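All remarks here apply to the structure that follows.
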């Protein structure tokens with residue numbers, strides 16, 4: 001395993017055949033089912049999907065925060081810096097979580113503790129993960145707060161979350177997540193609750209931090225706009241599986257899975273007048289009651305008989321681009 | 001009745017203001033300031049057209065919607081409905097206004113009563129407001145359900161049995177049940193899944209043609225606004241800074257704030273080239289709005305006079321107005 005990762009050079013994260021299942025009263029729900037992708041230093045991967053597509057469970061699995069029971073990672077490898085995270089015990093994983101792989105979650109209003117000052121919360125992460133003298137912890141906290149452009153960090157460090165605006169709070173969350181210099185940062189819909197101008201500021205900040213620290217960045221999102229602006233490569237998820245994966249230009253210029261194609265066509269455009277949007281009929285499937293064959297078949301415009309029987313194999317469109325659709329075979 | 005000027009508009013707002021008092025003290029409270037949530041805005045909505053209002057949170061777009069829905073009393077200014085001033089009208093006219101102006105809200109999970117069957121949810125406004133027989137109500141419920149793309153058997157179900165997109169369809173059916181003239185759409189698709197949004201937007205456009213209803217759309221997603229709207233008003237700190245036909249505004253944004261908003265919007269393709277105007281700071285408090293032009297502290301093109309003089313509303317091309325010293 002170690003040989004493999006050193007052979008791959010700058011790959012910082014490699015996920016192979018990750019499967020996370022949940023036991024529910026309706027039976028086994030395959031929330032994430034055989035997902036594989038990799039990420040290099042300084043690269044941004046976008047994981048796109050609707051609610052229930054498994055993108056958030058993928059993120060929770062990477063952090064090993066899947067609630068167990070009912071959830072369980074049943075199969076796969078998560079290789080971070082040459083180390084398989086799934087082989088670690090809880091103590092070892094706690095050391096990795098937050099220091100080597102960090103997370104920014106969606107809602108800055110609820111991800112900070114209202115009864116502690118923000119300085120306290122930034123310092124907590126540093127205290128736990130970094131072996132540095134007590135005196136320099138404060139300096140370190142101030143340092144990261146300045147990095148995320150908190151004005152007057154020396155006075156703001158004593159503020160409580162309620163004294164800050166949404167954009168500012170999200171930047172504090174960002175500061176906490178980069179405070180231990182992780183190699184991979186996962187951002188789960190980091191800007192959905194922010195205004196457009198604040199969103200632009202925040203995305204720019206993430207980009208700067210990424211360049212500065214050579215971060216591998218994973219964006220979990222449903223918004224193709226975020227993908228177009230931020231990502232180098234994209235994985236599109238539907239019903240627990242990656243249905244298409246490729247570089248951002250592969251996906252936008254030559255979408256090969258009908259779901260990706262339909263999603264792109266159904267988004268209104270800022271730059272041009274669209275007479276009528278393409279709309280995907282039907283609902284996303286419920287995971288405990290998936291149709292046989294390809295789960296997108298009931299909504300697909302190109303559906304064939306074969307699609308209703310067997311799940312399609314993944315076909316390479318080019319070196320970096322693959323999709324799971326029978327139309328390509 | 002003071003003003004009865006019929007311009008053909010369904011609804012017209014003239015110099016509308018809403019100021020909320022800021023009070024201090026518990027028992028003997030005194031007003032220490034005013035939050036000028038909406039501060040003198042005027043617009044009109046023509047039959048069958050859609051007006052979009054865009055702006056960041058705190059710009060007053062929701063307060064404007066609340067005033068149109070008569071959920072807030074304007075501090076100053078008038079709302080003319082089909083030419084007559086609603087604040088001057090009698091109880092009967094107000095009642096009619098309330099049934100002619102309906103709303104669809106952002107969150108279809110909290111805007112439908114979970115204890116009522118769909119049939120009763122949709123029939124409720126008709127039973128309260130119209131004098132029609134039970135069988136007529138029944139017929140219209142079925143017609144409305146099929147108009148919004150649902151089946152007659154759905155009438156017997158409860159809201160929790162529906163998905164988000166279907167619930168939003170129910171909310172739309174309910175809003176349409178009284179044949180309104182205007183529907184206020186407050187972020188109608190932002191809580192829905194991406195693949196469902198286009199369905200609902202297309203449905204709203206189809207229903208607009210069929211029912212000849214006007215919409216006022218509040219949304220922060222600029223591309224959605226472009227797709228849905230005929231006219232767009234850009235609001236900043238309680239004022240309209242630019243107002244134009246949708247195509248005009250997107251092709252030729254004039255106010256520096258509109259330009260910044262457009263450049264901050266996410267691109268639809270990775271190769272899209274965008275101007276990078278990243279605004280510094282955040283929207284100032286409406287409690288102490290900046291002197292002069294309210295946007296000047298964040299404006300990349302601010303001049304000396306911007307901090308002193310309030311810019312006048314200028315028409316830069318037909319139907320395209322902006323308030324900025326650059327013009």
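For this structure, a couple of remarks:
- Cβ-Cβ distance of residue A:116 and residue B:153, R₀ of 60 Å, FRET efficiency by 1/(1 + (r/R0)^6): the value works out to about 0.70.
- Shielding score for B:268-275, defined as the mean number of other chain Cβ atoms within 10 Å: 6
- DSSP assigns beta bridges within the stretch B:11-323; of those with both partners inside it, close to 65 percent run antiparallel.
- Shielding value for B:161-172 is 1, the average number of Cβ atoms from other chains within 10 Å of each residue's Cβ.
- Among A:259-266, B:239-246, sorting by the average number of other beta carbon atoms lying within 10 angstrom of each residue, highest first, gives B:239-246, A:259-266.
- Spatial separation of Cα centroids for the stretch A:88-106 and the stretch B:149-204, in angstrom: 41 Å
- Applying 1/(1 + (r/R0)^6) with r as the Cβ-Cβ distance of residue B:230 and residue B:90 and R0 = 35 angstrom yields a FRET efficiency of 0.60.
- Here the sum of -39500 (n - 2.57) over DSSP H runs of 4 or more residues, divided by the residues of the protein assembly as shown, equals -9000 deg cm²/dmol at 222 nm, to the nearest 500.
- Here the contact order of chain A, divided by its residue count and restricted to Cα pairs under 8 Å and six or more residues apart, works out to 20 percent.
- Distance from the C-alpha centroid of the stretch A:241-261 to that of the stretch B:67-103: 50 Å, rounded to the whole angstrom.
- Spin-label model, residue A:327 to residue B:285: label points 7 Å out along the Cα-to-beta-carbon direction sit 5.6 nm apart.
- Note: relative contact order over the stretch A:187-329, using C-alpha pairs below 8 Å and six or more positions apart, is 18 percent.
- Chain B - percent relative contact order, Cα under 8 Å, separation 6 or more: 20 percent
- Fluctuation leader among B:63, B:272, B:50 - chain B, Gaussian network, Cα springs under 10 angstrom: B:272
- Bridge orientation summary for the protein assembly as shown: considering DSSP beta bridges with both residues in this region, about 65 percent are antiparallel.
- 10 Å Cβ neighbours from other chains, averaged over peptide B:187-196: 5
- Relative to the longest principal axis of the Cα atoms of chain B, the long axis of helix B:134-147 makes an angle of roughly 50 degrees.
- Förster radius 30 Å - calculated FRET efficiency between residue B:15 and residue B:117 (Cβ-Cβ, nearest 0.05): 0.10
- Folded to 0 to 90 degrees: helix A:134-147 orientation relative to chain A principal axis, Cα: 50 degrees
- The long axis of helix A:166-178 is offset from the longest Cα principal axis of chain A by roughly 90 degrees.
- Here the Gaussian network model covers chain B, with springs between Cα atoms less than 10 Å apart; of B:299, B:59, B:229, B:299 fluctuates the most.
- Per the Kirkwood formula applied to alpha carbons, the stretch B:11-323 shows a radius of gyration over Rh ratio, Rg over Rh, of 1.00.
- Packing rank of A:110-122, B:25-37, where each peptide gets the mean count of other beta carbons within 10 Å, highest leading: A:110-122, B:25-37
- With the biggest extent put first, the Cα atoms of the protein assembly as shown measure 86, 64, 52 Å across the principal axes.
FYI, it's all coordinate maths here, none of it is from the lab. This is a predicted model, so every value here is computed, not measured. Cβ sites come from the backbone with ideal geometry, for glycine too, and all protein chains shown count toward neighbours.
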